[in-house]
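So the structure is just underneath, and the comments pick up after that.
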Amino acid sequence: MDEKNIQKSRIIIVSNRLPVILKLTEDGKTEVEKGAGGLVTAMAPVLKNRNGTWIGWPGYVQEAGVDDYMLPAIQTATSGYRVKSVMLNSDELKNYYEGFSNSILWPLFHGFTDKCIFLPEYWTSYQDVNKKFALTVCKNADDPDFIWVHDYQLILVGAQLRKMHKRNRMGFFLHIPFPPIDTFIRCPWRFELLLAMLEYDIIGFHTILSKRNFIGCIKKIIQDARIDAKIAFDETVSELKFKNRVVRIGVFPISIDYNEFSLHAWDSDVYKRSKEIRKNAPGTKILLGVDRLDYTKGIPEKLKAFKQFLTRFPKFHKKIHFIQLVVPSRREITAYADLKLKIEQLVGEINGIFSTNAWLPVQYMFRNLGRNELISLYRACDIGFITPLKDGMNLVAKEYCACNIDEKGVLILSEFAGAAQQFYQDAILANPHDIEGTAMAIHRAFNMPLEEKNQRMRNLREKIKNKDVFWWVNSFLNTAIEKNLSNFPQVDEYFPDEPTANLGR
Ligand code: ADQ
């Protein structure tokens, strides 16, 4: 770790959203609260120590006529570091955000090519808005500052900054998976996107698979265009030589603030609330799913697997209660509204077939929950049921384990979540497309002996504790700044090729 270098330069974080939550009060006013996610928790001390700046969209459209007090209120909510807002209008929101970001890159990178809408106007707006972000960065960055751009909405920011002659060290972290070549190649702007990524000095992914997919695309798409791209170095942090520049490509699995979650789970209020939740489901084991409303999260498939479990094993009727919490998200996009209906229909179908006067098989909640309530749920449940069809990492899986302080819970985890590459030995892995197999995973979790549950949960918690979100920030920044990569430990052993050693059957 090169602490001296890290301390020297200022840091600029660029993300689509600023780390604030806007809330509508009862009298119709908007209030600003500090964001609570892992990224904010991890970045806040780094930004404070290094006189940093966070640049992003504050979450409301320019023409909404929101009171003037909003921008100062945002700065107050994020005290300790500077924030700079990039304002978007409703056209930009439609074409850049809902369009290129969420109707092209999000489905494409998760392998849902049938959901991609490749409209040229989306691409134009994406370029314009990325340029807009870059201009704000340009105005606020001095030469030695390290610029760290986050996620798929802002891939072009680095390239735009280079066009503005910024020579700062720049990093990019992709929070979603990077797809294989046969998927990525469908994108009409594949070449431009890849070239733009190569303008960063360091690119981070959650998993080895994403990194390999990216390198595979570079080899095929960039080399075909006769640009010298060469793979050097080890598997976890590779160096790619391109136009006399070196681009570092690394694997940095994001995590959570383990201590925060695990300490919160010890809270007496959380304990009381988790007892109440258990009391509402007497004599049953609780299966818990927590997902944002998104077709990548595999919620209908999960409900079908639960239905199959109840159909196959009538002896478990009245002995299991499935709580599925869904967080509202992106409802203005048709695919999401359709998904909500599908989920509600399946919940109704399962409860219609199996419920009795005394037993409701599925409890479905569609809302945001406060931190206390979410942690109480994590603490109360016996089995964490997290089976996305594709997920960059999945932080819910990590939060569930961190809150499982009595170490009696079981984690059922999709093979297709990035987290599976870390947890394949101790979670019960499931293929969410295999409804029968996933039903058997529930059966296995339900019947797992206490000693085995203890051992597995202890191992899972240990891994999360050792590589928490602070580890993630430090390893990305250190790799970005380190001159000689041979100083770095080899971490390949944590990311084996095939996380299938322990399937759910
Ligand atoms: P997401 O797709 O949003 O993130 P995830 O990593 O699971 O997925 O994070 C969801 C967050 O929302 C968790 O922190 C969770 O606590 C919170 N949450 C869920 N349900 C909630 C509820 N009902 N009320 C309140 N909060 C709730 C993207 C990628 C992931 C990647 C992360 C971070 O898609 O793969 O892990 O970024 O890189």
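The values are calculated or read from the model by the stated rules, or taken from the named source; none is laboratory data. These figures come from a predicted structure and were not determined experimentally. As a convention, Cβ positions derive from the backbone with ideal geometry for all residues, glycine included, and neighbour counts pool all protein chains shown. Just so you know, the surface numbers come from the protein's heavy atoms only, side chains and all, with ligands and any DNA or RNA stripped out. Shrake-Rupley method; radii C 1.70, N 1.55, O 1.52, S 1.80 Å.
Miscellaneous remarks
- Residue within the range 485-504 that is under 22 Å from Ile323 (Cβ atoms), outside any helix (DSSP H, G or I), open to solvent by less than 30 Å² (accessible area, probe 1.4 Å) and at pLDDT below 95 present: yes
- Options Gly80, Gly111, Gly52; residue that is under 30 Å from Cys187 (Cα atoms) and not aromatic (Phe, Trp, Tyr): Gly111
- Sole exception among (1) within 16 Å of the ligand (Cβ to nearest atom); (2) open to solvent by 20 Å² or more (accessible area, probe 1.4 Å); (3) closer than 30 Å to Arg371 by Cα for Met43, by number: (2)
- Strands (runs of 3 or more DSSP E) contained entirely in the range 236-354, each with at least 1 residues that are within 14 Å of the ligand (Cβ to nearest atom): 245-251, 285-292, 320-327
- One residue from Ile147, Ile203 being aliphatic (A, V, I, L, M) and within 16 Å of the ligand (Cβ to nearest atom): Ile203
- Residues satisfying the criterion are absent from the range 364-376 (criterion: away from the ligand (no atom under 16 Å from the Cβ), in contact (Cβ under 8 Å) with a residue 60 or more places away in the chain, aromatic (Phe, Trp, Tyr) and surrounded by fewer than 24 Cβ atoms within 10 Å (Cβ to Cβ)).
- Figure legend. Inter-residue proximity from the range 436-459: first residues in the same structural domain as Gln308 (by TED's automatic domain parsing), second residues polar (S, T, N, Q) and part of a helix (DSSP H, G or I), beta-carbon distance below 7 Å, spacing 6+ or different chains. Indicated pairs: Glu436/Gln308; Ala439/Gln308.
- The set of residues in the range 147-170 that are of a type in the set (Gly, Ala, Ser) and buried (at least 24 other Cβ atoms within 10 Å of the Cβ) contains only Gly158.
- Selection within the range 377-388 - among the hydrophobic types (A, V, I, L, M, F, W, C) and within 12 Å of the ligand (Cβ to nearest atom): Leu377, Ile386
- Among residues of the range 261-278, those that are among the polar types (S, T, N, Q) and surrounded by fewer than 16 Cβ atoms within 10 Å (Cβ to Cβ), counted: 1
- Of all residue pairs spaced 6 or more apart or on separate chains, none has beta-carbon atoms under 6 Å together with a first member in the range 168-186 that is under 18 Å from Ala417 (Cα atoms) and at pLDDT below 95 and a second member that is open to solvent by less than 50 Å² (accessible area, probe 1.4 Å) and within 16 Å of the ligand (Cβ to nearest atom).
- Scan the range 10-38 for residues that are open to solvent by less than 40 Å² (accessible area, probe 1.4 Å) and either within 13 Å of the ligand (Cβ to nearest atom) or closer than 19 Å to Met87 by Cα (or both) and the total you get is 13.
- Of residues in the range 279-299 being open to solvent by 20 Å² or more (accessible area, probe 1.4 Å) and either touching a residue at least 12 places away in the same chain (Cβ under 8 Å) or not assigned by TED's automatic domain parsing to the domain that holds Ile320 (or both), the one farthest from the chain's Cα centre (by Cα): Gly283
- Identity of the residue in the range 391-415, without any contact (Cβ under 8 Å) to a residue 40 or more places away in the chain and within 22 Å of Phe109 (Cβ to Cβ), that ends up nearest to the ligand (Cβ to nearest atom): Asn394
- For the range 176-196, the count of residues that are among the charged types (D, E, K, R) and touching a helix residue (DSSP H, G or I) at 6+ places or on another chain (Cβ under 8 Å) is nonzero.
- Meets criteria (assigned by TED's automatic domain parsing to the domain that holds His175, at pLDDT 90 or above and out of contact with any Phe, Trp or Tyr (no Cβ under 7 Å at 6 or more places or on another chain)) for Glu98: yes
- Residue match in the range 328-349 (condition: over 18 Å from the mean Cα position of the chain (by Cα) and closer than 22 Å to Arg444 by Cβ): no
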